[in-house]
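The values are calculated or read from the model by the stated rules, or taken from the named source; none is laboratory data. Note that the coordinates shown come from a computational prediction; the quantities given were computed from them, not determined experimentally. Counting neighbours? That spans all protein chains shown, and the Cβs are built from the backbone with ideal geometry, glycine included. The protein model used for the area step is the full one, side chains on, heavy atoms only, and it has no ligands, DNA or RNA in it. Shrake-Rupley method; radii C 1.70, N 1.55, O 1.52, S 1.80 Å.
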Amino acid sequence: MAELLLELFSEEIPARMQARAADDLRRLAAGALKAEGLEFDAAASYVTPRRLALVVDGLPLAQPDRREEKRGPRVGAPEKAVQGFLRANNATIAMCVERDDYLYLSTETRGRAVADLLPGIVGRLIGDLAWPKSMRWGEGETRWVRTLERVLCVFDGKPVALDLPDRIESGGVTTGHRFHAPEPFSVSSFAEYRDGLRQARVILDPAERRRIVANGADELADAEGLFVPDDPGLLDEVVGLVEWPVPLMGRIDDEFMAVPEEVLITAMRSHQKYISLSDANGKLPPRFVVVANLEADDGGGEIVAGNERVLRARLSDARFFWDQDRKTRLEDRLAALEPMVFHAKLGTLSQKAARLETLAGEVATFVPGADVDAARRAGCLAKADLTTEMVFEFPELQGTMGGHYARHDGEDADVARAVAEHYLPAGPSGACPSEPVSVAVALADRIDTLTGFFAAGERPTGSGDPYALRRAALGVIRLVLENGVRLPLGEAFCKARQGYAETVPDFSDPPEMLERELLDFFADRLKVHLRAKGVRHDLIAAVFALGGEDDLVRLCARVEALRGFLATEDGANLLTAHKRAANIVAIEEKKDGIAYSGPVEPAMLREPEEKALNESLGAVGARSAPLVDSEAFDEAMSTLAGLRGPVDAFFDRVKVNADDGGLRANRLRLLSGIRTTMGSLADFSQIEG
């Protein structure tokens, strides 16, 4: 068995593309080898800023020989058919055998040497690697993420010559670190390649580089009594920028520490890829960690000084924006929203702010502890920071900067906090606002957006969600459930739709249809949200199918009660009984062409078991209805347990399809009553098992 080593050496690969490219290379290589009939023991891929590497262990030296048998015409078939089969397979009749009244032709194909197959396989791999963005260079036709300079291919310890286009070099040679060890060296195995790169100041494994960066940053921070905040995304990006990571500590000039720390952190993180730190109180200290890509003779002093100069210039701009923006109150910026388009079909941001002011006040009435006037004020100011220089430079700080400017303007603390938090939560695991006014404004913003885009026909599709409406719906769900907000979504959608009446009056869908589509959309999003928490989607569907339920808190309580009931023995048995009753009724209704949904005739109940079942259905319905009205859903579900005995006895002793037509119809109505009574608590037909 042999080893295959492949390295694709290029100019710097963008950090955000590296991990996927390494995974794609391994996946494509495994598929290409198996397509040639080549089995192997293991395949692994690695990536640095300048190279993609692949090692495949346990490959054979050649393809296995293949024996193939083809069935031809029947024995005694017309001569023309036999000759056609022989010509198609370049064979003679002597090469065929007779078996089971057919002619069979066996052929053997000798396996090719793997070394002869590799040029074609590698060429296809280079072409099949998909990049978010690719380029051509010079006069060549090859497309790759950056200029592809060289391909190393070694099989069974020997270099493989590749016929590559555009003068791309190939062979068994690689190079190390661009500055420390740029001289080429030959390799004959993966171990030699990995160790040779390490000696040439390149750490091949990104996981190892990640550990070096994380541990080095922790040691530097610990030496000054500081801490490194958890930021895996930044850590992954930094690792993708260096082949020989060397963490170094830098200083932030004290003159910039008066600027909000979110600005400093964003400037360092987004523009410079520096790692910010925190002190024991969680505040930003005047320190940062920069990860160099080489070991300097002076211990990194010049590198740190250079990065401090770059950061000083960047933060000087940020401080200028901070000082300039505070000269204009948020309230005075509202007019500047007028020419800013929210969406071509949905008007301007000025109109969005006006709608948000009204809707936030209306939503606030459903949020315990929320001040309506504060919610309206926060809704009015929420988008004003989009006109500031700071947000123009750092778009990711929208909302956050609005909160700072609102506090500077002397706005109420609840108003400033709501402006800062109204974009939260930013995702399924991001922080969720909990202050009442913040919750009201965040809800209003998303409900206005969802209603507008759905009314304008800009709904998400299976292939895309360009306006992040699924994320907006998930935000509403989290805000409602995590804060226990009893918000009727149907009413909220209606009020949001009214807000568009003046600015976008030509929406074609009637309000009822819009509300239904939005509620269905929320049902799907709620299934996704609760499924992540271990709740089955069919239980959600069973409650949603009742209709008229747009209070997510109440709906989830019903789902939880249903889940608890079905986990009991009574619940599981009743689910089976419900399906049996529903199937019998459905079959007979289809056969007879009528619906057996009317009331049961007590006088026609002959057997004790059917009488007992009828009484139990009435008693359960009478007990469960007030419990549902008072939202005692667990108790309401538990009343169904009283049906188990009568239902089991009915199916054991009562013949539904009696010879007497009237008796049969009455018993079918009784079975339909099981479906109706249980269906008042959930649509059990939606439950899969």
Of the residues in region 266-283, those that are buried (at least 20 other Cβ atoms within 10 Å of the Cβ) and closer than 22 Å to residue 305 by Cβ come to 267, 268, 274, 275, 276, 277
Select from region 199-213 the residues that are surrounded by fewer than 19 Cβ atoms within 10 Å (Cβ to Cβ) and either among the aliphatic types (A, V, I, L, M) or free of Cβ contacts under 8 Å to residues at least 24 places away in the same chain (or both) and list them in ascending order.
199, 207, 208, 211, 212
When you check residue 97 against the structure, is it among the hydrophobic types (A, V, I, L, M, F, W, C) and under 24 Å from residue 4 (Cβ atoms), yes or no?
no
Just name the residue that is modelled with the highest pLDDT out of those in region 491-518 that are surrounded by fewer than 18 Cβ atoms within 10 Å (Cβ to Cβ) and within 27 Å of the chain's Cα centre (by Cα).
517
Can you tell me which residue is nearest to residue 497 (Cα to Cα) among those in region 441-467 that are surrounded by 22 or more Cβ atoms within 10 Å (Cβ to Cβ) and of a type in the set (S, T, N, Q)?
451
Just for region 379-419: of the residues that are under 30 Å from the mean Cα position of the chain (by Cα) and part of a loop (DSSP other than H, G, I, E, B), which one is farthest from residue 529 (Cα to Cα)?
394
Out of region 18-37, which residues are of a type outside the set (D, E, K, R), surrounded by 17 or more Cβ atoms within 10 Å (Cβ to Cβ) and under 26 Å from the mean Cα position of the chain (by Cα)?
18, 21, 22, 25, 28
Would you be able to tell me the number of residues in region 313-327 that are without any contact (Cβ under 8 Å) to a residue 40 or more places away in the chain and part of a loop (DSSP other than H, G, I, E, B)?
1
Residues of region 420-439 that turn out to be more than 25 Å from residue 532 (Cα to Cα), in contact (Cβ under 8 Å) with a residue 60 or more places away in the chain and aliphatic (A, V, I, L, M), as a count
1
Taking region 266-308 and keeping only residues that are among the charged types (D, E, K, R) and out of contact with any Leu (no Cβ under 8 Å at 6 or more places or on another chain), one is left with 283, 295, 297, 298, 302, 308
Would you check if residue 548 is under 29 Å from the mean Cα position of the chain (by Cα), part of a loop (DSSP other than H, G, I, E, B) and farther than 17 Å from residue 657 by Cα?
no
Looking at this structure, is residue 438 out of contact with any Ser or Thr (no Cβ under 8 Å at 6 or more places or on another chain), among the hydroxyl-bearing types (Ser, Thr, Tyr) and open to solvent by less than 60 Å² (accessible area, probe 1.4 Å)?
yes
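Hey, among the residues in region 214-228 that are in contact with a helix residue (DSSP H, G or I) (Cβ under 7 Å, 6 or more places away or on another chain) and open to solvent by less than 50 Å² (accessible area, probe 1.4 Å), which one's farthest from residue 240 (Cα to Cα)?
Per the stated criteria, the residue is 228.
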Could you tell me how many of the residues in region 183-205 are out of contact with any Gly (no Cβ under 7 Å at 6 or more places or on another chain) and not charged (D, E, K, R)?
8
Given the options 85, 40, name the one that is of a type outside the set (Gly, Ala, Ser), modelled with pLDDT of 90 or more and closer than 30 Å to residue 7 by Cα.
40
Here is a check on your reading of the model: is residue 423 closer than 30 Å to residue 323 by Cα, surrounded by fewer than 24 Cβ atoms within 10 Å (Cβ to Cβ), modelled with pLDDT of 95 or more and hydroxyl-bearing (Ser, Thr, Tyr)?
yes
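For (1) open to solvent by less than 40 Å² (accessible area, probe 1.4 Å); (2) touching a Pro at 6+ places or on another chain (Cβ under 9 Å), each residue gets a yes or a no:
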| residue | (1), (2) |
| --- | --- |
| 605 | yes, no |
| 611 | no, yes |
| 620 | yes, no |
| 623 | no, no |
| 635 | no, no |
| 639 | yes, no |
| 646 | yes, no |
| 653 | no, yes |
| 669 | no, yes |
Pick out the one residue from 606, 558 that is over 22 Å from residue 685 (Cα atoms) and either charged (D, E, K, R) or more than 42 Å from the chain's Cα centre (by Cα) (or both).
606
Name every residue in region 554-589 that is open to solvent by 50 Å² or more (accessible area, probe 1.4 Å) and over 24 Å from residue 614 (Cα atoms), in order of residue number.
554, 560, 563, 567
Do the conditions hold for residue 479, that is, is it buried (at least 23 other Cβ atoms within 10 Å of the Cβ) and aliphatic (A, V, I, L, M)?
yes
Looking only at region 118-150, count every residue that is over 18 Å from residue 172 (Cβ atoms) and of a type outside the set (Asp, Glu) and tell me the total.
20
Just wondering, is there one or more residues in region 289-297 that are touching a His at 6+ places or on another chain (Cβ under 8 Å), at pLDDT below 95, open to solvent by 40 Å² or more (accessible area, probe 1.4 Å) and in a helix (DSSP H, G or I)?
no
Return yes or no: is residue 310 among the β-branched types (Val, Ile, Thr), buried (at least 19 other Cβ atoms within 10 Å of the Cβ), free of Cβ contacts under 8 Å to residues at least 60 places away in the same chain and under 30 Å from residue 202 (Cα atoms)?
no
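Based on this model, can you work out whether residue 541 counts as outside any loop (DSSP other than H, G, I, E, B), within 14 Å of residue 454 (Cα to Cα) and either under 29 Å from the mean Cα position of the chain (by Cα) or not small (Gly, Ala, Ser) (or both)?
no
Listed here are the residues, each with its yes/no results for (1) at pLDDT below 95; (2) under 23 Å from residue 490 (Cβ atoms); (3) under 32 Å from the mean Cα position of the chain (by Cα).
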position	(1), (2), (3)
336	no, no, no
346	yes, yes, yes
359	no, yes, yes
371	no, no, no
374	no, no, no
